[in-house]
Every structure is written in structure tokens, then in C-alpha cells.
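Participant: Let me give you the structure first, and then I'll get to my questions.
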Amino acid sequence: MTEVIATNETILVVGGGISGMTAALEAAETGKQVVLVEKRPYVGGRVTQLYKYFPKLCFPTCGLEINQRRAKMNPNLNIITMAEVTDIKGEAGNYTATVKISPRYVNENCTACGDCAKAVETEFDDEFNYEMGKRKGAYLPHRMAHPQRYVLDPAIIGTDDAQKAKDACKVNAIDLDMQEETIEFKAGAVVWATGWKPYDANKIQPYGYDRIANVITSVEFERMADPNGPTGGKLVRPSDGKEVKSVAFIQCAGSRDKNHLLHCSRICCMASLKQATYPADEVDISIYYIDIRAIDRFEDFYQKVKAKDNVSFIKSKVASIVENKENGNPTLHGVDTEGYNRYANEHDLVVLAVGMEPSVDKASFPVEIVINEEGFIEPAPENGGVFAAGCSSDALDVNRAVQHATGAALRAIQVVNRVAATEG
């Protein structure tokens, strides 16, 4: 049974991505008791699925390692993975949270040796790689996963594979009798940091994501470029595995569109500019854009990418994509709005810069909350002691999400400080 010792001076952080981790660590390092609840088997969120950051093109692994070390060293932080907040009752300074914890079937004895994965034969689509590869029924979500502990897929429980995993474990870490738990605890304030999800490209019908194999999303391209990703870092066509010689990036795929996401997702331009640096210099790259939103310090990066000999910019909102049935190449149709010339441009691979959709569901939100027309949580007094952090509040890049999460932690600390002052 999971035990959480908490009071109305405890801060609950919902979501363990970069924003949730930041808010939790900042609050815990001031001496506050913090409970972080994450639905995945690990913390780190979508940052763990990035290959590089823009504009410096550095690797997220460094920052992840620092945050993980801070979390391990801080006794004020209690992290609960594979868990979801199902209810929050009360008011600012006096909440009671209900949390459902799914069974991991692997206990804290796990040394992450991998013997269970070797013994298991069943494979499933790999969520970490956006289902572009396979993982075993016993798996470590990714190489830097925190906690560094394997997971058994619930689909193998009751099968021979589950018993094989248990028999292979030398440290008695496999517990096939684990059950779902529900726990309750007190909290004075809540930081909501459930992050974002890539907009469903299947909904953008003219672009044929659901019909054309060589049309992929920006998040899939990011995993493909990673040497630890599904293709070992090779940029290849899903249809035939051939290395690409021509890549098209389509901006605002699902963003700034009354039929999809109303808002500018803010990161898409910079993400595509970053991804334009991934292929070799001999690969032709075309970026189809409405306008490039390279704000603040990103302008220099934009100019640097723009100066590359193999990168072309086409000012156009692509109208449609059709497949050349002979070679599988996507063909882009539209009008270049700088010259007003119609085009039908063929490429080996098309990458849709899909928008950021907030992971906030007002219908199932555990307390009354003010949400704007774009689906983000508004900073309203009616929210009481619930504060949005990072991409629960707006479409933000990592840098701004971290800054915003620090602010959310401060607001939560102010609430519990008032509780302490009142009770003192």
C-alpha cells in the first residue's frame, strides 16, 4: 500500500513533465512537502522524447540528469508514477486529493538489469517512440527513465510471459499480484502541470497523414533523428526504409485554424528550423510557412538556418497532399503567395509541424476551473489554490515553461504559507 504523509501545508503537483518537475523541485527545495503525481511510469514528460533543444541544439539529457539528481536528493519530494488524480475536494488551503495508482507489477527491488525483458517474447507498439517501433511486454520506458525501474504491460498478466518475467528476476522484483490502489491525502495548494499532446494529424484530412506512409509528424521525426530512437538516428522513409534525399516541413499543421487549434502553438517554427539541421547537407529541405515566428533570441537561429544552401523557404499554406503511387512520394499542392505561382512539389518525406494541444479536459477536471477558448487554464481568482504551470496555461517552449512553472510554485507556496501563518 502506497503511503503518503501529507497535511494542508503540502503542495500537490499534477504532472511530472519539465513543468511539473520544476514546480515540485522549486517548492521542495524551499522546505515545503510536495507530492508529485505522474500518469506515465516515469517523470520527464515530452522533454525525454526530444533529440535536441533549439536554438543551441544541445541535448535534453543534461538537464534531465540534473533534475533527477535533485529529486533523488530531496526528502521533501514524494513522486508517485502510474497515477492519476481522480478527485479534489475542498478549497484553497484545505484540499483532499484522491489518486488512483495503476499496478506496475515491479517493486522497488528492481535493479533495471533487463533480465525480465529478455525472458518475455510478446511485443507491443512503443509509446515512447510514438508507436514507430516495438517494445517488450516487460520494458524500461527509456534509457534515462526515472524511476529506473522496469514495467510489465498489463496485457501479459496471467500469461506465460508474465511467469517467465518473474522466473527470470534474480532479486524478486516481479510482483504479479499487485493491484490498483486508491489513496487520499491533504494538500493546501495544487500545481496543475499536465502539459500538452501533439494535435491529431489524422484530423487534417487534406494532408493525408492517415493515408500516405511518407507523411509523418514533427514529434515522430524528432524520435527518428535520435540515435536512440526507432531507426537508430537514420532519417528514412516509413514506406520502404530508404534514406531521404528531400524533406518538406509544413508549418501550422493544425494551428491557427478555426477548424482545428485556434492558437499559434509557438514552438512549431523553431522546432522545424531545428529539425532542418538534422539531415545531412546534401539533403534538400523545403519549409512551407505562413510566417516564421522567431521571437526574441530565436531570430539569429532563424537567419543561420535560412543561410544554409540546402534549405528553401516557400511562403504558402499547403492546400493538399497526394501520393505518387509509383514511388510513394507525397506531392504538395498549393500557391506560393510571394509569386502567386501554383506548385505541385514532390518530396521523399513530409513532416507536419503539428500544434500543441493542452492536456486539460474541463469535463473531467476534478475542481471548478476557468479555461479559455483555446483549452488552456486561465489565471483566474475563481481557481482558488489551483495554479496552472507550463503548457497547461499556454503553448510554451521549454525555457518559458520552466519559468512559468517556477512562478506557479511560488503562488502555491504563498497559499500554504498563509495556511501556516493562520494555524500558527
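Participant: Tally up the residues in the stretch 119-156 that are part of a helix (DSSP H, G or I) and touching a helix residue (DSSP H, G or I) at 6+ places or on another chain (Cβ under 7 Å), please.
Facilitator: Selection size over the stretch 119-156: 4.
Participant: Sort through 30, 10, 22 and tell me the only one that's closer than 20 Å to residue 358 by Cα and either at pLDDT 95 or above or among the charged types (D, E, K, R) (or both).
Facilitator: On the way: 30 fails: closer than 20 Å to residue 358 by Cα; 10 fails: closer than 20 Å to residue 358 by Cα.
It is 22.
Participant: Now for a separate question. Can you tell me how many residues in the stretch 376-405 are assigned to a loop (DSSP other than H, G, I, E, B), hydrophobic (A, V, I, L, M, F, W, C), open to solvent by 10 Å² or more (accessible area, probe 1.4 Å) and closer than 21 Å to residue 187 by Cα? Before the answer, list the steps.
Facilitator: Initial filter on the stretch 376-405 (assigned to a loop (DSSP other than H, G, I, E, B)): 376, 378-380, 384-385, 389, 393-397.
Remaining after also requiring hydrophobic (A, V, I, L, M, F, W, C): 376, 380, 389, 395-396.
Still in the running and open to solvent by 10 Å² or more (accessible area, probe 1.4 Å): 380, 396.
Cutting the leftovers down to closer than 21 Å to residue 187 by Cα gives us 380.
Residues meeting the conditions: 1.
Participant: Only residues that are open to solvent by less than 10 Å² (accessible area, probe 1.4 Å) and touching a helix residue (DSSP H, G or I) at 6+ places or on another chain (Cβ under 6 Å): list them for the stretch 256-274, please.
Facilitator: 270, 273, listed by residue number.
Participant: Out of all the residues in the stretch 171-197, which are under 19 Å from residue 85 (Cβ atoms), part of a loop (DSSP other than H, G, I, E, B) and of a type in the set (Val, Ile, Thr)?
Facilitator: 194
Participant: Sticking with this structure for a sec: Considering (1) modelled with pLDDT of 95 or more; (2) exposed (fewer than 15 other Cβ atoms within 10 Å of the Cβ), say which one residue 340 fails and leave the rest.
Facilitator: Every listed condition holds for residue 340 apart from (1).
Participant: Here's another thing I want to ask about it. Taking into account only those residues within the stretch 345-363 that are open to solvent by 60 Å² or more (accessible area, probe 1.4 Å) and more than 20 Å from the chain's Cα centre (by Cα), which is farthest from residue 236 (Cα to Cα)? Show your work before the answer.
Facilitator: Filtering the stretch 345-363 down to residues open to solvent by 60 Å² or more (accessible area, probe 1.4 Å) leaves 346, 361-363.
Retained after the next criterion (residues that are more than 20 Å from the chain's Cα centre (by Cα)): 346, 363.
Working: 346: 16, 363: 40 Å.
Here the answer is 363.
Participant: Here is a check on your reading of the model: is residue 373 of a type in the set (Asp, Glu), open to solvent by 50 Å² or more (accessible area, probe 1.4 Å) and in a loop (DSSP other than H, G, I, E, B)?
Facilitator: Values: of a type in the set (Asp, Glu): yes; open to solvent by 50 Å² or more (accessible area, probe 1.4 Å): yes; in a loop (DSSP other than H, G, I, E, B): yes.
Spelling it out, residue 373 is indeed of a type in the set (Asp, Glu), open to solvent by 50 Å² or more (accessible area, probe 1.4 Å) and in a loop (DSSP other than H, G, I, E, B).
Participant: Filter the stretch 275-323 for residues that are closer than 20 Å to residue 399 by Cβ and open to solvent by 20 Å² or more (accessible area, probe 1.4 Å) and give the result.
Facilitator: Residues satisfying the conditions are 277, 292, 293, 295, 296, 297, 299, 300, 302, 303, 304.
The values are calculated or read from the model by the stated rules, or taken from the named source; none is laboratory data. Note that this is a predicted model, so its numbers are computed, not measured. Note: ideal-geometry Cβ built from the backbone for every residue, glycine included; neighbour counts use all protein chains shown. These area figures cover heavy atoms from the full protein model, side chains too; ligands, DNA and RNA do not enter into them. Shrake-Rupley method; radii C 1.70, N 1.55, O 1.52, S 1.80 Å.
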